[in-house]
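Input: a single structure, listed below in structure tokens.
The values are calculated or read from the model by the stated rules, or taken from the named source; none is laboratory data. Every value quoted in this text rests on a predicted model; they were computed, and no experiment measured them. Cβ placement follows ideal geometry from the backbone for every residue including glycine, while neighbour counts extend to all protein chains displayed. Please note that ligands, DNA and RNA were not included when accessible areas were found on the heavy atoms of the full protein model with its side chains. Shrake-Rupley method; radii C 1.70, N 1.55, O 1.52, S 1.80 Å.
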2 protein chains.
Amino acid sequence: MTASPKDLEIGFDVPAEIGASIDDIQTPALIIDLDAFERNVARMRDYAEKMGVKLRAHAKTHKSADIALYLMEKGGAVGICCQKVSEAEALVRGGVTDVLVANEVSDPKKIDRLARLTKLAKVAVCVDDAAVVPTLSEAAGRHGVTLDVLVEIDCGARRCGVEAGAPAVELAKVVAAAPNIAFIGIQAYHGSAQHIYDPADRRAAIDKSTGMARLTADLLKEAGLEPKIVTGAGTGTHPIEAASGLYNEIQPGSYIFMDADYARVRTDEGNGTVGGFEHALFVLTSIMSKPASGRAVCDAGLKAHSIDSGLPSVFDRSDLKFVGASDEHGKIEDPNDALKLNDKLRLVPGHCDPTCNLYDWYVGVRDGRVEVLWPVTARGKVY
Amino acid sequence: MTASPKDLEIGFDVPAEIGASIDDIQTPALIIDLDAFERNVARMRDYAEKMGVKLRAHAKTHKSADIALYLMEKGGAVGICCQKVSEAEALVRGGVTDVLVANEVSDPKKIDRLARLTKLAKVAVCVDDAAVVPTLSEAAGRHGVTLDVLVEIDCGARRCGVEAGAPAVELAKVVAAAPNIAFIGIQAYHGSAQHIYDPADRRAAIDKSTGMARLTADLLKEAGLEPKIVTGAGTGTHPIEAASGLYNEIQPGSYIFMDADYARVRTDEGNGTVGGFEHALFVLTSIMSKPASGRAVCDAGLKAHSIDSGLPSVFDRSDLKFVGASDEHGKIEDPNDALKLNDKLRLVPGHCDPTCNLYDWYVGVRDGRVEVLWPVTARGKVY
């Protein structure tokens, strides 16, 4: 089969071209409504400034060097958070200069990689176990750096973290006594509370976690180890920590994009979504089959959006309902038979973080046109 | 901050090196037990040969050019199936010469890409709507190729597909009459039946779908359009279609790897897993926190395995239970406190297909060492 070099240019390694109409984007694709995104970024920037807390925007949501740098330059962020060393490596390689790995790193090879990274950027990490302190200390010394360390407390999520109070102080003493690492404060993040829909229940959970953080901070101060940093909070709970007078740094990530599950997290006042953020991230999908009246099939299945927190919703289409996903198909109920073959829809993903991790590219759109293509720089960087 | 060129070599772009011990793999990582994988491949090859059906192994599971070529060279596969045009493009670029896109392609730009691809490999596609036939025909003509076309029938999954029987014949006539495309047969795949655990229920579903395919084939023969190919079946149901005397091609994919959900799909005879295939795909994970007695946290969360079909199981460790996942953490119940920090475990993912799509690399291991690194060639190719 003869083929010219032009024929060998198969494969759209990017799903769209800059300047193209949104109608030409090959679906499914991950699109950002740039206007809504910019409003979300400004809203959190202004809120953190008003509340007098530092904003360390979590990069686990977007995994993009372009977005991280934008958040630091225009979004009021002092730096970023990451969850894994490889995520931090990729973003530092992309130009980020200040990263908190808001997680424990226990493997000696990963600790070595983290210490190497500290030669290239300001790096901090969490600990919840005295057993790793000598390894952190040795690796930092060998690479000629000082690694900043936060003690993480379990403040109710029952995941990682040392017990609040005296056990946290004991661990902080071990950190403070070790060479080449610096105890800088407390990480107190209640992950599962972020998605408690009822505002009273959510507040109750964070009041408890803030209490544990406050107890720990007081005991640390008594021990001569007053925490410089008390950090935590996510998009769902950030107003509570920001108003606590204890937290001086917040780590929300999802606010830039939002998702279908976060839309169910209500404010104290009523049905408004916490923080007032808008949907800015969508999976653009096409109808590829109309097999029978009342139903249609789109091309966005499990490999195009994560359903761990629920199915996606169809943006701005109260007449349509996404009812089921297989690997590469999405079933849509269309009782009015409104949809035609090749119609495009915007799906609001159930959970933005793992959805973004499915894609290689963000397609940023404005006024119906593709304005930017941002790589998902740290996609797949889970190690 | 000064850094030497060696320091700038940050980031393990591959999670392991060839020849390394399995203990040095950076986790979480997607590993293949090569011995078990090779046994699975041989088992299906021999079974298809014994049953006298062609094996067109579905590449949606593995998305790897290396694996696709291995299945065609050593695994008895006549070609591969794909679900999306971009997936087919990536695998053809990787050397695959025969691909059935076992799905509908309706978007004109995608149809153009498919027709271009037909200059580089043998390509077939499915239709369920006469409306796309002129576009397929025109694109094939413009690129100077003949595109093979299967009519897909809905044989019970209520997803894509034209109604079996007379409507399918009408569509086949439209395909046969159009220039530059060739009607070659029927696609009759019952996706949701693959994971029906009870063998009697599963058989009942496939008996129905086989009935619909048989009716369609008979009517097609009467109309002078006897289908050359009757294709379908997956890992869960393939013995039934293979014994039907109707299907002459089967499309299983997951058999090479298996997963936790497929392990629940029982044979007729008892509790054995359908087909007798072994677990060959694992997420290697490390314990990164031991916060309290009876529980541990590993580094494999939602970004490391897909939980759409259930949580992963811990391979060969009946004393441990994986009980919850967040983005980058997995909670493990360890009632005997057997686990230590940095211990490594193999997780059997709940659903292999979307799990593989999370990774850039397969780490193939044998006798405790890394033997191969295979790229997940078509990772993220959902468009």
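For segment A:102-124, the residues whose backbone nitrogen is under 19 Å from a point 7 Å from the Cα of residue B:292, taken along Cα to Cβ, are A:104. I need the calculated FRET efficiency for the pair residue B:122 and residue B:192, taking r as the beta carbon distance and R₀ as 30 Å, to the nearest 0.05. The calculated FRET efficiency here is 0.55. P(r) tail, the protein assembly as shown: Cα-Cα pairs separated by more than 50 Å, 17% of all pairs.
Per-residue packing, averaged as other Cβ atoms within 10 Å, sorts the ranges B:149-156, B:201-208 into the order B:149-156, B:201-208, beginning with the highest. Dividing the Cα radius of gyration of segment B:282-383 by its Kirkwood radius returns 0.99 for Rg/Rh.
Phi angles of segment A:217-222 translate, via the Karplus equation with coefficients 6.51, -1.76, 1.60 and θ = phi - 60°, into HN-Hα couplings of 5, 5, 5, 5, 4, 4 Hz per residue; Gly and Pro are given as x. May I ask you to derive the FRET efficiency for residue A:46 and residue A:215 from their Cβ-Cβ distance with R0 = 22 Å, giving the value to the nearest 0.05? That gives a FRET efficiency of 0.10.
Can you give the net charge of the other residues whose Cβ lies under 11 Å from the Cβ of residue B:335, counting K and R as +1 and D and E as -1? Taking every other residue near residue B:335 into account, the sum is -2.
Counting protein heavy atoms only, chain A has 51 percent of its accessible area on carbon and sulfur, 1.4 angstrom probe.
In percent, what relative contact order does chain A have, based on Cα pairs under 8 Å that are 6 or more apart in sequence? This gives 21 percent for chain A.
Mind checking the per residue accessible area of segment B:34-271 for me, 1.4 Å probe, whole number of Å²? On a per-residue basis, 34 Å².
Based on alpha-carbon atoms, the Kirkwood radius and the radius of gyration of segment A:22-148 give Rg/Rh equal to 1.06. In this structure, residue B:316 and residue A:373 have a Cβ-Cβ separation that, at R0 = 35 Å, corresponds to a calculated FRET efficiency of about 0.20. With a Cα cut-off of under 24 Å and a minimum spacing of 8 residues unless on different chains, the lysine pairs in segment B:274-383 number 15. Over segment B:267-340, the reciprocal of the mean inverse Cα-Cα separation, the Kirkwood hydrodynamic radius, stands at 13.6 Å.
Averaged over peptide B:202-214, the number of partner chain Cβ atoms lying within 10 Å of each residue's Cβ comes to 0.
Since only B:36, B:286, B:177 are under comparison, the one whose Cα sits farthest along the positive direction of the charge dipole of chain B, derived from C-beta charges on Lys, Arg, Asp and Glu, is B:177.
Which of the three applies to chain A, rounded, prolate or oblate, going by the alpha-carbon gyration tensor with a ≥ b ≥ c and a/c under 1.5 meaning rounded? Judged from the Cα gyration tensor, chain A comes out prolate (a/c at least 1.5, a/b above b/c).
For segment B:68-83, backbone phi angles converted through the Karplus equation (6.51, -1.76, 1.60; θ = phi - 60°) give residue-by-residue couplings of 4, 5, 4, 5, 7, 7, 10, x, x, 7, 7, x, 10, 10, 10, 9 Hz, Gly and Pro being listed as x.
Accessible area buried by the pairing of B and A, both sides summed with a 1.4 Å probe, works out to roughly 7100 Å².
Ranked by the mean number of other Cβ atoms within 10 Å of their residues, highest first, the peptides B:176-187, B:344-355, B:361-372 come out as B:344-355, B:176-187, B:361-372. Distances from residue A:94 to itself in the other copies, using label points 7 Å out along the Cα-Cβ axis, amount to 2.4 nm in increasing order.
Taking every residue in B:298-306 and counting other chain Cβ atoms within 10 Å of its Cβ, the average works out to 6. Here segment A:10-81 and segment A:141-184 have alpha carbon centers that stand 31 Å from each other. Neighbouring Cβ atoms from other chains, within 10 Å of the Cβ of residues in B:322-331, number 5 on average. At the residue level, residue A:72 shows approximately 50 square angstrom of accessible surface with a 1.4 angstrom probe and all protein chains present.
Structure remark: mean-square fluctuation, Gaussian network model of chain B, C-alpha springs under 10 Å; the largest value among B:269, B:17, B:38 belongs to B:269.
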